[in-house]
Amino acid sequence: MVFYDPTGDKYGLPTYPFKLAPAGLATRRQLRARNLRPGGQDIAAQILWRKGKRCAYLYRIDLAVPKRTATPAQRAAIDRALTARRTCPTCRQVRPYYIQRSLGECFDCAPGGAR
């Protein structure tokens, strides 16, 4: 079986083929779906597929810790930053879309008029 190296002799890490990882291991995305994060633990194993050109690292679920949540002050700062991205510097109106950096202003103020 290609990419099956549970001891890690060949690839340096325990390696499994796509969709054949043992229970108790998960990728970052799978941890995030469970509201977990690796929490500083080392990589436990890897999955290789597409002739070894694709790799996903696996972490132990039992060592994962809960995701951190943003504080109210952080959420307020993010909201202000996103509002600033939607505010046109020319007409000072908050638009329902993000102002394109290439234009530097909303579609109404940009040369060429509204889109």
One finds, for V65 and V2 with R0 = 25 angstrom and r their Cβ-Cβ distance, a FRET efficiency to the nearest 0.05 of 0.15
Karplus-derived 3J(HN,Hα) from phi for segment 8-25 (6.51 cos²θ - 1.76 cosθ + 1.60, θ = phi - 60°), whole Hz, x at Gly and Pro, runs x, 5, 7, 10, x, 10, x, 10, 10, x, 3, 6, 10, 6, x, 5, x, 10
Candidates for Kirkwood radius over Cα pairs in Å are [x] 16.9; [y] 14.3; [z] 18.1, and the calculated one carries label [z]
Cross-link reach from K19 to lysines, straight Cα distance under 16 Å and at least 8 residues apart if same chain, gives K51, K53
Dipole size in debye (nearest 20) for the chain around its Cα centre, Lys and Arg Cβ +1, Asp and Glu Cβ -1?
280
Suppose all protein chains stay in the model; what accessible area per residue would a 1.4 Å probe give for the chain, in Å²?
75
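The values are calculated or read from the model by the stated rules, or taken from the named source; none is laboratory data. On a predicted model such as this, the values are computed, not experimentally measured, just so you know. Note: ideal-geometry Cβ built from the backbone for every residue, glycine included; neighbour counts use all protein chains shown. The area values use the complete protein model at the heavy-atom level, side chains included, leaving out ligands, DNA and RNA. Shrake-Rupley method; radii C 1.70, N 1.55, O 1.52, S 1.80 Å.
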